[in-house]
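A short worksheet on the structure shown next.
Throughout, read-outs are computed from the coordinates displayed, never taken from laboratory work. Note that this is a predicted model, so its numbers are computed, not measured. We place every Cβ from the backbone using ideal geometry, glycine too, and count neighbours over all the protein chains shown.
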């Protein structure tokens, strides 16, 4: 049943679903780490509330963005190849890993992150099908 739904679902819908789910998890993570970081910085009052709100938005946005890129890339590769296997998730993980590390401008970090997320994406996809 799952494979049937996935085949008929547009890639954009899968991306939006991923953005909402993982973005919400990112918002919760920002809600947990924001107050801690604000306390470490010695913030209080309005500046503390502003810092926490920015932390929530930043973490939620980043998590949602990379989840959307992963879902859209995985779905697009799957439609292009015509197969639903681990290679799709591995390639999508590599793209997201490279996107995350692109800001560092270090080729070593880009390759390392792409490899790590490729392995994690393939492992998650393989465990989902078991």
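If I model a spin label as a point 7 Å beyond the Cα along the Cα-Cβ vector, how far apart are those points for residue 48 and residue 36 in nm?
Each label point lies 7 Å from its Cα, and together they span 1.7 nm.
Using 0.36 nm times the number of residues separating residue 102 and residue 124, minus their current alpha carbon distance, what extension gain do you get? Before the final figure, lay out each step's value.
Values: separation 22, 0.36 × 22 = 7.92 nm, distance 2.32 nm.
That pair, residue 102 and residue 124, stretches by 5.6 nm at full extension.
Which order results if 52, 111, 96 are arranged by neighbouring Cβ count within 10 Å, fewest first? All intermediate terms of the calculation are to be shown ahead of the outcome.
On the way: 52 19, 111 14, 96 25.
Neighbour counts put them in this order, fewest first: 111, 52, 96.
Using a Gaussian network model of the chain whose springs link C-alpha atoms within less than 10 Å, name the residue from 45, 23, 61 with the highest mean-square fluctuation.
Fluctuation is largest for 45.
Show me the ranking of peptides 83-90, 31-38 by mean Cβ neighbours inside 10 Å, starting with the highest. Present the calculation step by step, with values, prior to reporting the outcome.
On the way: 83-90: 17.5, 31-38: 15.1.
Going by the mean number of other Cβ atoms within 10 Å, highest first, we get 83-90, 31-38.
Obtain the nm distance between the two label points defined at residue 13 and residue 86 by a simple spin-label model: each point lies 7 Å from its Cα along the Cα-to-C-beta direction.
Once both label points are built, they end up 2.9 nm from each other.
Under the rule of -39500 (n - 2.57) per DSSP H run of 4 or more residues, summed and divided by the residues of the chain, what mean residue ellipticity at 222 nm is obtained, to the nearest 500 deg cm²/dmol?
Here the helix-only value at 222 nm equals -30500 deg cm²/dmol.
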